[in-house]
Amino acid sequence: MPRSYLREARKRVGPKRARIRPVIERLAVEYPDATIALRFTKPLELLVSVMLSAQTTDVNVNRVTPALFAKYARPEDYLAVPAEELERDIFATGFYHQKARSLRGTMQMLIEEFDGEVPQTLDELVRLPGVGRKTANVVSSELGNPSGIVVDTHVRRLSQRLGFTKEEEPEKIERDLIRLVPREDWGRFPHLLIWHGRRVCIARDPRCADCVINDLCPSSRV
Ligand code: SF4
């Protein structure tokens with residue numbers, strides 16, 4: 001898109017600080033059920049699901065976890081079987097060797113340092129082996145204690161299209177979003193963008209004519 005056109009488009013929609021609230025409010029009306037797609041019933045299952053979701057789809061993880069969670073209910077259960085058995089049980093999520101090692105390391109630390117419970121804060125979560133900032137952000141946010149904003153491929157693309165960031169790297173995008181998005185919305189904001197990104201603001205061919213925020217978007221094609 002030519003620079004002059006972008007400048008004009010930004011002028012037309014107004015500053016991002018004035019647009020962020022209406023964007024969130026309209027998407028919240030459009031997607032009242034926007035939540036995480038992974039299925040879990042307790043914090044340990046949430047943590048395991050998010051760890052398994054690296055490099056694969058949530059659908060794929062949800063296929064594996066019912067049997068997994070029936071077999072491994074407590075952190076100790078992940079350590080009670082040989083590593084190869086755990087690898088077989090999570091094989092379908094890919095990268096099973098690395099994931100099994102991270103799961104076992106994490107379970108060991110949960111037992112030794114957290115009384116077998118999943119910690120709630122980002123700082124504690126990132127200490128767990130194989131748990132990066134993105135995983136920790138998702139877990140702390142789902143546990144009702146968001147310390148940052150989850151940036152995945154949809155959040156990245158939509159934040160750029162909406163003119164909320166010019167950055168490319170997830171950590172820099174998150175920094176821009178943290179400055180912009182009201183704190184009380186840190187948890188739901190990524191879900192709203194992810195749902196909109198899957199249904200309307202699609203990567204290759206955004207459906208701008210059907211978009212409820214097209215008058216607030218500098219990249220709108222209508
Ligand atoms: S107007 Fe188009 S580019 Fe902007 S958010 Fe909507 S679908 Fe995406």
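At a glance:
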{"read-out": "Number of positions in the range 41-77 that are free of Cβ contacts under 8 Å to residues at least 40 places away in the same chain, within 22 Å of residue 189 (Cβ to Cβ) and either aliphatic (A, V, I, L, M) or in contact with a Phe, Trp or Tyr (Cβ under 8 Å, 6 or more places away or on another chain) (or both)", "value": "1"}
{"read-out": "Residue tally, condition assigned to a loop (DSSP other than H, G, I, E, B), surrounded by fewer than 16 Cβ atoms within 10 Å (Cβ to Cβ) and touching a residue at least 12 places away in the same chain (Cβ under 8 Å), over the range 179-211", "value": "2"}
{"read-out": "Matching residues in the range 138-168 - criterion: being more than 16 Å from the ligand (Cβ to nearest atom), small (Gly, Ala, Ser) and in a loop (DSSP other than H, G, I, E, B)", "value": "144, 147, 148"}
{"read-out": "Selection status of residue 105, outside any helix (DSSP H, G or I) and surrounded by 15 or more Cβ atoms within 10 Å (Cβ to Cβ)", "value": "no"}
{"read-out": "Count - residues of the range 174-195 that are within 16 Å of the ligand (Cβ to nearest atom) and within 21 Å of residue 15 (Cβ to Cβ)", "value": "6"}
{"read-out": "Options 181, 150; residue that is under 22 Å from residue 58 (Cβ atoms) and either aliphatic (A, V, I, L, M) or at pLDDT 95 or above (or both)", "value": "150"}
{"read-out": "Enumeration of residues in the range 49-64 that are under 18 Å from the mean Cα position of the chain (by Cα) and part of a helix (DSSP H, G or I)", "value": "49, 50, 51, 52, 58, 59, 60, 61, 62"}
{"read-out": "Candidates 38, 68, 27, 44, filtered to the one that is in contact with a helix residue (DSSP H, G or I) (Cβ under 9 Å, 6 or more places away or on another chain), assigned to a loop (DSSP other than H, G, I, E, B) and either open to solvent by less than 80 Å² (accessible area, probe 1.4 Å) or modelled with pLDDT of 95 or more (or both)", "value": "38"}
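The values are calculated or read from the model by the stated rules, or taken from the named source; none is laboratory data. In this text the structure is predicted, and so the values were computed from the model without any measurement. Virtual Cβ from ideal backbone geometry, glycine too; neighbours counted across all protein chains shown. Quick note on the areas: whole protein, heavy atoms, side chains included, nothing else; ligands and nucleic acids left out. Shrake-Rupley method; radii C 1.70, N 1.55, O 1.52, S 1.80 Å.
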